[in-house]
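Participant: The structure is given below, and queries will be raised subsequently.
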Amino acid sequence: MNTLPKWVEYGLLPAVNLAVAFLVAGLVVLMIGENPLEAVRLIVYGAFGYGEGIGFTLYYATNFIFTGLAVAVAFHASQFNIGGEGQAYVGGLGAGLVCLALDRYLSWWTILPFAMLGGALFGCVWGAIPGWLQARRGAHVVITTIMFNYIAASMMSYLIVNHLKVQGDASVQSRTFEADARLPHLEGLMGLFGQDIGGAPLNIMFLIALVAAVLVWVLIWRTKLGYEIRVFGANPDAARYAGISATRIIVTVMALSGALAGLMALNPVMGEQNRIFLDIPGGAGFVGIAVALMGRAHPVGIVLAALLFGVLYQGGAELAFDMPKISRDMVVLIQGLAILFAGALEYMFRPAMVRIFARKKGGAAWT
């Protein structure tokens, strides 16, 4: 099989895809009569030009790290989990219920482990069910995870409206958590770097997301289970011949994937809104697919790709504000182009790269 050097596979190739995406986006901006270079300047300034912008960029990146890791864990076993939205939604319910039960008795640092357990457990169950259906009943995981996204959204609407909503309040949300159940923001940490994050909801979940990335790396590349996951993903028949249970691997990776997506919900539920509310994931489950693809399902690449999409989200908001001709829909188009080239067309330039590097090795492909 033709292979590429790692620095090309994990660095140059994603960079080329991203550059083409931004080139096409620049042409779109030019067509509506605006300066693409000025648009880039506004995006960069909105994301990194001042403390509050940096705070929002890292807040969005936190969501995408969790959902990107969730997708990546399933990828390594050749499972395509696109149910991160539903798993994060249900995970938000688990974390929120813990907060509602304990916020009048305990402090945030005591509540946080239980909330993480609740979010991870609810997301784990919501991911494991499609995994079991795939392994034992042959129901394709792509179809079932799509269905479970809609089931989760409908279930959450029912629960909030009929059981969690404050009586007499028109807002479809639970009561606000007491102050002791709200995650601390990272003003102090960012202040060490001379940045005032203002009203940005950047909180301790950003640091936990980085820890999660390290733990996923350890799991996939330094444990027996991770080895079995990678073997099964590379060749299911060989894995079965070696005594690796397909059912165990599929259910396990889908459960772990759901748990990671469920942990993402703590960021908005405990770190920003401080309540259970509608649309907890906010699209992060779908963005996680592009993040995992762009990051080549490697935790380091996922963190960098999540940061990029954090830049697009926060910088795009600044762009829409300062360039009236570029509406929020246009910003979504730019984000969509990045997802298209980084995700669906990620291997568009790979054959050409293989030929180039094969010639550089005297006609033999890199191995």
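The values are calculated or read from the model by the stated rules, or taken from the named source; none is laboratory data. In this text the structure is predicted, and so the values were computed from the model without any measurement. Here the Cβ positions follow ideal geometry from the backbone for every residue, glycine too, while neighbour counts run over all protein chains shown. These area figures cover heavy atoms from the full protein model, side chains too; ligands, DNA and RNA do not enter into them. Shrake-Rupley method; radii C 1.70, N 1.55, O 1.52, S 1.80 Å.
Participant: Could you derive backbone 3J(HN,Hα) for the stretch 171-187 from the dihedral phi with the Karplus parameters 6.51, -1.76 and 1.60 (θ = phi - 60°), listing whole Hz in sequence and x where the residue is Gly or Pro?
Facilitator: 6, 8, 6, 7, 5, 6, 5, 5, 4, 5, 9, 9, 5, x, 7, 9, 4
Participant: Less than 16 Å from a label point 7 Å out along the Cα-to-Cβ axis of ASP169: which backbone N atoms in the stretch 236-271 qualify, by residue?
Facilitator: Answer for the stretch 236-271: 269-271.
Participant: When 1/r is averaged over all different Cα pairs and the result inverted, which Kirkwood radius in Å belongs to the stretch 211-367?
Facilitator: Details: mean 1/r = 0.0533 Å⁻¹.
So the Kirkwood estimate lands at 18.7 Å.
Participant: Give me the percent of accessible area attributable to carbon and sulfur for the stretch 55-167, probe 1.4 angstrom. Working shown, then result.
Facilitator: Details: 3190 of 4610 Å².
Its accessible area is 69 percent carbon and sulfur atoms.
Participant: Right, something else. Quick one: P(r) of the stretch 297-342 from all Cα-Cα pairs, 10 Å bins, percents rounded to integers, in order of increasing distance.
Facilitator: Histogramming the stretch 297-342 at 10 Å steps yields 27, 48, 21, 5 percent.
Participant: Once phi is turned into θ = phi - 60°, what whole-Hz ³J(HN,Hα) does the Karplus curve with 6.51, -1.76 and 1.60 give for every residue of the stretch 219-234, x standing for Gly and Pro?
Facilitator: In residue order, the calculated couplings are 4, 6, 10, 10, 10, 4, 4, x, 4, 5, 4, 5, 5, 4, x, 7 Hz.
Participant: For the stretch 210-367, what is the relative contact order in percent, using Cα pairs closer than 8 Å and at least 6 residues apart in sequence? Walk me through the numbers on the way to the answer.
Facilitator: Details: 94 pairs, mean separation 22.0, N = 158.
14 percent.
Participant: Rg/Rh for the stretch 36-114 to two decimals, with Rh computed the Kirkwood way over all alpha-carbon pairs. Intermediate values should be presented prior to the final figure.
Facilitator: Working: Rg = 17.8 Å, Rh = 15.7 Å.
That ratio equals 1.13.
Participant: Obtain the nm distance between the two label points defined at ALA234 and PHE80 by a simple spin-label model: each point lies 7 Å from its Cα along the Cα-to-C-beta direction.
Facilitator: Between ALA234 and PHE80, the simple spin-label model gives 2.3 nm.
Participant: So, one more: The stretch 88-178: which trypsin sites (Lys or Arg not before Pro) are DSSP loop and have at most 12 other beta-carbon atoms within 10 angstrom? Let's see the in-between values first.
Facilitator: Numbers: sites: ARG104, ARG136, ARG137, LYS165, ARG175; in loops: ARG104, LYS165, ARG175.
Answer in residue order: ARG104.
Participant: Would you mind checking the radius of gyration and Dmax of the stretch 100-222 based on alpha-carbon positions, in Å?
Facilitator: That works out to 18.8, 56 Å for Rg and Dmax.
Participant: So who's got an amide H within less than 5 Å of the one on ASN203, skipping anything under 5 residues away but keeping other chains? H placed 1.01 Å off N, in plane.
Facilitator: For ASN203, whose amide H was placed from the backbone, the distant partners under 5 Å are LEU186.
Participant: With springs only between Cα atoms under 10 Å, which of ALA352, ALA39, ALA338 fluctuates most in a Gaussian network model of the chain?
Facilitator: Maximum among the listed residues: ALA352.
Participant: Determine the shape class of the chain: with a ≥ b ≥ c the square roots of the Cα gyration tensor eigenvalues, call it rounded for a/c under 1.5, and otherwise prolate if a/b is greater than b/c, oblate otherwise.
Facilitator: Values: a/c = 1.79, a/b = 1.13, b/c = 1.59.
It comes out oblate by the Cα gyration axes.
Participant: Considering only ILE249, LEU189, MET147, whose Cα is most displaced toward the positive end of the charge dipole of the stretch 61-296, charges sitting on Cβ of Lys, Arg (+1) and Asp, Glu (-1)?
Facilitator: Looking along the dipole axis, the top candidate is ILE249.
Participant: Another question about this same structure. Between ALA259, ALA19, ALA181, find the one with the highest GNM mean-square fluctuation for the chain; connect C-alpha pairs within less than 10 Å.
Facilitator: Highest fluctuation of the listed residues: ALA19.
Participant: Positive end of the dipole of the stretch 216-367, charges at C-beta (+1 Lys, Arg; -1 Asp, Glu), about the Cα centre: which of GLY288, ALA338, ALA358 has its Cα farthest in that direction?
Facilitator: ALA358
Participant: Please work out the average accessible area per residue across the chain, using the 1.4 Å probe convention, and give it in Å².
Facilitator: 45
Participant: Moving on to the next point. Using helices alone, what [θ] at 222 nm do you get for the chain, with -39,500 (n - 2.57) per DSSP H run of 4 or more residues, divided over all residues and rounded to the nearest 500? All intermediate terms of the calculation are to be shown ahead of the outcome.
Facilitator: Working: 15 runs with 242 residues, N = 367.
About -22000 deg cm²/dmol.
Participant: With an 8 Å cut-off on Cα pairs and a minimum separation of 6 or more residues, tell me the relative contact order of the stretch 143-239 in percent.
Facilitator: For the stretch 143-239, the relative contact order is 11 percent.
Participant: Okay, moving on. How far apart, in nm, are the 7 Å Cα→Cβ label points at ASP322 and ARG41?
Facilitator: 0.8
Participant: Classify the stretch 1-52 from the C-alpha gyration tensor, please: rounded if a/c falls under 1.5, else prolate or oblate depending on whether a/b exceeds b/c. Don't skip to the end; give the middle numbers.
Facilitator: On the way: a/c = 5.44, a/b = 1.68, b/c = 3.23.
Oblate.
Participant: Next question. Report the gain in length on full extension from LEU225 to ASP196: 0.36 nm times residue separation, minus Cα-Cα distance, nm rounded to one decimal. Don't skip to the answer; put the middle values down first.
Facilitator: Working: separation 29, 0.36 × 29 = 10.44 nm, distance 4.27 nm.
Answer, rounded to one decimal: 6.2 nm.
Participant: What whole number of Å gives the distance from the Cα centroid of the stretch 172-198 to the Cα centroid of the stretch 73-144?
Facilitator: 24
Participant: Using 0.36 nm per residue, how much length does the chain from LEU12 to THR247 gain when fully extended, once their Cα-Cα distance is taken away? Intermediate values should be presented prior to the final figure.
Facilitator: Working: separation 235, 0.36 × 235 = 84.60 nm, distance 3.65 nm.
Full extension of this stretch gives 81.0 nm more.
Participant: Output ³J(HN,Hα) for the stretch 304-319: one whole-Hz value per residue in order, computed from phi by the Karplus curve 6.51 cos²θ - 1.76 cosθ + 1.60 with θ = phi - 60°, and x for Gly and Pro.
Facilitator: Ordered by residue, 3J(HN,Hα) equals 5, 5, 4, 4, 4, 6, x, 4, 5, 5, 6, x, x, 5, 5, 4 Hz.
Participant: Okay, next question. Would you please state the base-10 log of I(q)/I(0) at q = 0.14, 0.15, 0.22, 0.25 1/Å for the stretch 256-308, with intensities from the Debye formula using one equal scatterer on every alpha carbon?
Facilitator: Taken in order of the listed q values, log10 I(q)/I(0) reads -0.40, -0.46, -0.87, -1.01.
Participant: Would you work out the relative contact order for the chain, in percent, from Cα pairs under 8 angstrom that are 6 or more residues apart? Don't jump to the answer; show the numbers that get you there.
Facilitator: Values: 654 pairs, mean separation 129.8, N = 367.
RCO, the chain: 35 percent.
Participant: Tell me whether the stretch 152-228 comes out rounded, prolate or oblate; compute the Cα gyration tensor, take square roots of the eigenvalues as a ≥ b ≥ c, and use a/c under 1.5 as the rounded threshold.
Facilitator: oblate
Participant: How long is the gain from ALA358 to ARG104 if the chain were fully straight, where each residue apart is worth 0.36 nm and the alpha carbon distance is subtracted? Please list the in-between numbers first.
Facilitator: Working: separation 254, 0.36 × 254 = 91.44 nm, distance 6.46 nm.
The ALA358-ARG104 span can extend by a further 85.0 nm.
Participant: Quick query: amide H of GLN173 versus all other amide H atoms, modeled in the peptide plane; which residues come in under 5 Å with a sequence gap of 5 or more or a different chain?
Facilitator: Distant-sequence amide H within range of GLN173: VAL166.
Participant: Springs between alpha-carbon atoms under 10 Å, Gaussian network over the chain: tell me which of LEU186, LEU278, LEU207 tops the mean-square fluctuations.
Facilitator: Per the Cα network of the chain with a 10 Å cutoff, LEU207 tops the list.
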